[in-house]
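One structure is given below, encoded as structure tokens.
The values are calculated or read from the model by the stated rules, or taken from the named source; none is laboratory data. Just so we're clear, the structure is a prediction, and the values are computed from it rather than from any experiment. Cβ atoms come from the backbone with ideal geometry, glycine included; neighbour counts cover every protein chain shown.
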Amino acid sequence: MKQAYKEDGYFVIRNFLNNEELLALGEVLSEFHRLWQKKNAQFYRQQAVNSAYLTSDAFLNSEQRDHLFSFIGSAKVMNIVNELIPKQPCFLNTQLFFDPVNKQQSNYWHRDPQYHLSVEQQKAALAGGDVIHFRLPLVDEPGLELIPGTHKRWDSAEELKVRLEREGHKNNQPLSQGKVITLFSGDLLVFSANMIHRGLYGMNRLAFDLLFCSPEPSIIEFVNDDCLPSKSTLTKFEDSCAFVNTITLKSSIKKP
């Protein structure tokens, strides 16, 4: 796993979740999705393709939140996290990906850092701290298309024009190096947020993403306090180190 991630920026584990785990997660995530849609009805209808901050108390009760926290802090998940980020792995966020209401809405090539960094900063980020997605589809879906290796290299001329829509190009155009990773219910796709990728819409996708990162203050500052478990619950989890590392680092960042 570690070697595949180092070289290509991603790997897939088929049938990572069993039916019982899928059912339990699905109940919690479907309730979040229902309540989130109700609260964000206009945004959902107009353009949304994902929601975030599932572990906050905005939509889920304490029992539902604890179920998500326990899953994130399970040995099953954290064994992989600790292998990929052996030094102080940190919990960053959760997201839920779904199809846009508008069937004509196109997907788009991107690197996650492009939404808060300049082009030069995006280049520099390739040598810095990593953010890793753990994507868990609840239903069979078209999956993700990505450009292997771009978690460590800058865009080719073709990729940059398409991703940033330069010289008349659109960010939904096909790229010659694109590789489609079809996903099935219960699979786990692990990939770098730094790499060029795009979600593939269709089949009423509903995918749960866990985001982990290296202990970089510039990344941890984006973590919302209300998405973290209370200190009193940390002993409930099989491996709480990602939560503990985030809480500790955030505490040190706040100090003058």
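One residue is enough: does segment 14-31 have a residue meeting the conditions farther than 21 Å from residue 187 by Cα, in contact with a Ser or Thr (Cβ under 9 Å, 6 or more places away or on another chain) and in contact (Cβ under 8 Å) with a residue 40 or more places away in the chain?
no
Which one is nearest to the chain's Cα centre (by Cα), of the residues in segment 46-74 that are among the small types (Gly, Ala, Ser) and within 15 Å of residue 212 (Cβ to Cβ)?
52
Name the residues in segment 216-232 that are buried (at least 17 other Cβ atoms within 10 Å of the Cβ) and modelled with pLDDT under 95, would you?
219, 220
Quick check on residue 196: is it closer than 16 Å to residue 91 by Cβ and crowded, with 20+ Cβ neighbours inside 10 Å?
No; evaluated as a whole, the condition is false for this residue.
Cβ contacts < 6 Å: first residue basic (Lys, Arg), restricted to segment 103-127; second residue surrounded by fewer than 17 Cβ atoms within 10 Å (Cβ to Cβ), any location; separation 6+ or different chain. Result?
123/154
I need the full set of residues from segment 135-169 which are closer than 30 Å to residue 246 by Cβ, part of a loop (DSSP other than H, G, I, E, B), among the aliphatic types (A, V, I, L, M) and free of Cβ contacts under 8 Å to residues at least 60 places away in the same chain, in order please.
Passing the criteria: only 147.
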